[in-house]
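Structure first, then comments.
The values are calculated or read from the model by the stated rules, or taken from the named source; none is laboratory data. Just so it is clear, the model here is predicted, and its values are computed rather than measured. Ideal geometry is used to build each Cβ from the backbone, glycine not excepted, and the neighbour counts take in all protein chains shown.
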Amino acid sequence: MKAVLWYSLLLVTLTGCALQEVHAPAKQGLTAWDAIVLSEQAAPQTVPGLFSLQINNAAKVGSMVYLNTEYDYRDRRNVSIVLTPEVLKEFAAQYPDQQPEQYFLGRSIVVNGAASRQTVWFFSQGKKTEKYYFQTHIPVWYAGQILSPLTQEAYWKQNKKMSEPQHLSQTAELQNAAN
């Protein structure tokens, strides 16, 4: 009897270990609106991807810098790229005479990250109210997650060429010639 219970418990435990979460691969060529829609659909999970974003506003709040795609960070269409203290140290070492909230302003960048929907609560007289809204955040943990504008331009040119029908037919011709 004890052996049957022991084996049943072992089987249940091993089955639980075998069920692992499979992360979806990062999607390429995503916009700010894609980040918003996909993160809402996946909430509370994150959506990995390569996001092409235009930075229109930036602010330092505490130890973080927020790069925003809209002039008003509360705008429904806004995506906030959150530069963590770790990446700010890397940035300061690489660009000692620049402030990230000024450096990225007005630039188009590609961020390799994971978008998620965040709840932002309203406070009144220091107490949390029942009112809230959602923001879409993409945290950046290391400088390599932000591709430079030159890299971004090269990235999109390559993707455009790869998706053109002419390129696809040339690729097929090369494959046929090799066979």
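Within region 42-53, count every residue that is polar (S, T, N, Q) and more than 25 Å from LEU105 (Cβ to Cβ).
2
Would you please name the residue that is nearest to the chain's Cα centre (by Cα), looking only at residues in region 102-116 that are surrounded by fewer than 18 Cβ atoms within 10 Å (Cβ to Cβ) and not aromatic (Phe, Trp, Tyr)?
That would be ASN112.
In the set SER80, SER39, which member is farther than 20 Å from ARG107 by Cα, surrounded by 18 or more Cβ atoms within 10 Å (Cβ to Cβ) and at pLDDT 95 or above? Steps first, please.
Details: SER80 fails: farther than 20 Å from ARG107 by Cα.
Exactly one residue qualifies, and that residue is SER39.
Run down LEU88, LEU67 and say which single residue is at pLDDT 95 or above and touching a Phe, Trp or Tyr at 6+ places or on another chain (Cβ under 9 Å). Quick ask: steps written out before the conclusion?
Working: LEU88 fails: touching a Phe, Trp or Tyr at 6+ places or on another chain (Cβ under 9 Å).
Answer to the selection: LEU67.
Looking at region 77-98 only, could you name the residues that are of a type outside the set (Phe, Trp, Tyr), free of Cβ contacts under 8 Å to residues at least 12 places away in the same chain and assigned to a loop (DSSP other than H, G, I, E, B)?
Residues satisfying the conditions are PRO96, ASP97, GLN98.
Just to verify a result, which residue in region 135-147, among those that are assigned to a strand (DSSP E or B) and at pLDDT below 95, is surrounded by the most Cβ atoms within 10 Å (Cβ to Cβ)?
That would be ILE146.
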